[in-house]
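What follows is a single structure, written as structure tokens, with notes after it.
Just so it is clear, none of the values below were taken in a lab; they were calculated from the coordinates. Model, not experiment: these values are computed from the prediction. Methodologically, a virtual Cβ is constructed for each residue, glycine included, from the backbone with ideal geometry; neighbour enumeration extends over all protein chains shown.
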């Protein structure tokens, strides 16, 4: 349903002569659907208790009221006369920004400071999500909520076969969209989303281990470098006595190529491209590898327990004299489950090597370094 809504929004943008917004909506919709599919995996697989009829009526009234308010606001905005400020951007897009694509010129020139803030927030959000997901591991059950065993074919054969063929094609389309963005619909944001989806396709078709062996570079520096490139592009205008993020452009001629335009906005768009690619891959790739294949059996759990003990435990925990009600799990501190308290003696404190796994093994006593 969400994909259908996103498609109709993109068609609405195209109907009202906004191809840039339509391309952006389609690209964002693909990334959003991948994110939702990854997130749905972690939700409860059993249907929750049905709501009462009174609650359903309440929800329908709230949803209808909010929808009517939003529709009224959209109608009021879309039916009013065009503001005078829009004519300024249309008239000065080419002479002031060097591009015919008014939307892109606004993003990288007239309102470049807003775009810089947006990609900075995007990079920070990607880094925060990466930190939250780092070292987090969840176990996949052996069957779904209805008891059906998962298919042994983990990766679709058709997608596996065509993924390597689609990758260079998608990267070429991304480069084309990126280079034409200053004068035609496109730009760094759309190109970055296309590149990110093309690389995520490898994770979906071949698995995390296979993709990480070939994409052997961290995504965090990519996003940071993107923000740095955009910032340095804006600072470069200061060297020539112009305000921050003032773009410059010129025309050059080369044999066999002819006359072409180069603008500093291209460097700013490159920063946007790198920030979008890095942040998107940080979120999707790390969310996709949070889950292990299956919950380990008892023997494997015991073996993992003996190898997961850190070499250097806190002295208070090692000596059995800690006064808190926490235990250590993969070098992280977690609250001690209440169900384990009656089974503990009064001597030492517990050490649990696995969390959210059944059965839970609690070791009570002293540990030597």
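Cβ-Cβ distance of residue 157 and residue 41, R₀ of 22 Å, FRET efficiency by 1/(1 + (r/R0)^6): the value works out to about 0.55. Set against the 2.2 N^0.38 Å expectation for a compact globular protein, the range 101-292 has a Cα radius of gyration ratio of 1.24. Net length available on complete extension from residue 148 to residue 113 is 7.3 nm, with 0.36 nm assigned per residue and the Cα-Cα distance removed.
Note on residue 57/residue 216: beta-carbon distance plugged into 1/(1 + (r/R0)^6) with R0 of 56 Å gives a FRET efficiency of 0.50.
Sorted ascending by nearby beta carbons within 10 Å, beginning with the fewest, 21, 68 become 68, 21. Projecting label points 7 angstrom from Cα along Cα→Cβ for residue 4 and residue 125 puts them 2.7 nm apart.
Remark: the residue 173-residue 235 segment gains 19.3 nm on full extension, using 0.36 nm per residue and subtracting the alpha carbon distance. For the pair residue 261 and residue 137, label points projected 7 Å from Cα toward Cβ lie 5.4 nm apart. Here the gap between residue 165 and residue 12, fully extended at 0.36 nm per residue and compared with their Cα-Cα distance, gives a gain of 51.9 nm.
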